[in-house]
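A short write-up of the structure that comes next.
Just so it is clear, none of the values below were taken in a lab; they were calculated from the coordinates. Because the structure is predicted, anything quoted here is derived from the model rather than measured. Note: ideal-geometry Cβ built from the backbone for every residue, glycine included; neighbour counts use all protein chains shown.
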Amino acid sequence: MAAKKGSGAADKFNEAKARVEKLSKRPSNDQLLGLYAAFKQATEGDVAGSRPGMLDLKGRAKYDAWAKSKGLSKDDAMKKYVALVDKLEAELG
């Protein structure tokens, strides 16, 4: 995703993407779902397509987490992602 010139949210979002990969501990599944949902909302917008079937537990959890962000603007989703990464850095190092 190309950042718009002068877009502070996009710059911080890109920095947070790099920082999250350097965490010293792996986030919990719930934390990972929160990151996933904010990332997908920021990069793709509202969730599309049908919910995965009952046997696809991982896909279903990811879809549901993303669906909770429906209607959130891309800028707000970027800010949410950055805040989550900041929180994880404080908790996990």
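Identify all lysines with a Cα-Cα distance to LYS62 below 17 Å; exclude those on the same chain that are fewer than 8 residues away in sequence.
LYS40, LYS70, LYS80
For the pair GLU15 and GLU91, how long in nm is the line joining their label points, each one 7 Å along Cα→Cβ?
So the two model labels end up 2.2 nm from each other.
Rounded to a whole number of µm²/s, how large is the Stokes-Einstein D of the chain at 25 °C and 0.890 mPa s, given Rh as the Kirkwood radius over C-alpha pairs?
Estimated diffusion coefficient is 178 µm²/s.
Can you tell which of ALA83, ALA65, ALA48 shows the greatest fluctuation in a Gaussian network model of the chain with Cα springs below 10 Å?
Checking each option, the largest mean-square fluctuation is seen for ALA48.
Over the chain, with a Gaussian network built from C-alpha contacts below 10 Å, which listed residue (GLY53, GLY34, GLY45) shows the highest mean-square fluctuation?
Maximum among the listed residues: GLY53.
Looking only at LEU35, LEU72, LEU55, which one moves most when the chain is put into a Gaussian network model with springs between Cα atoms under 10 Å?
Judging by the Gaussian network model, the answer is LEU55.
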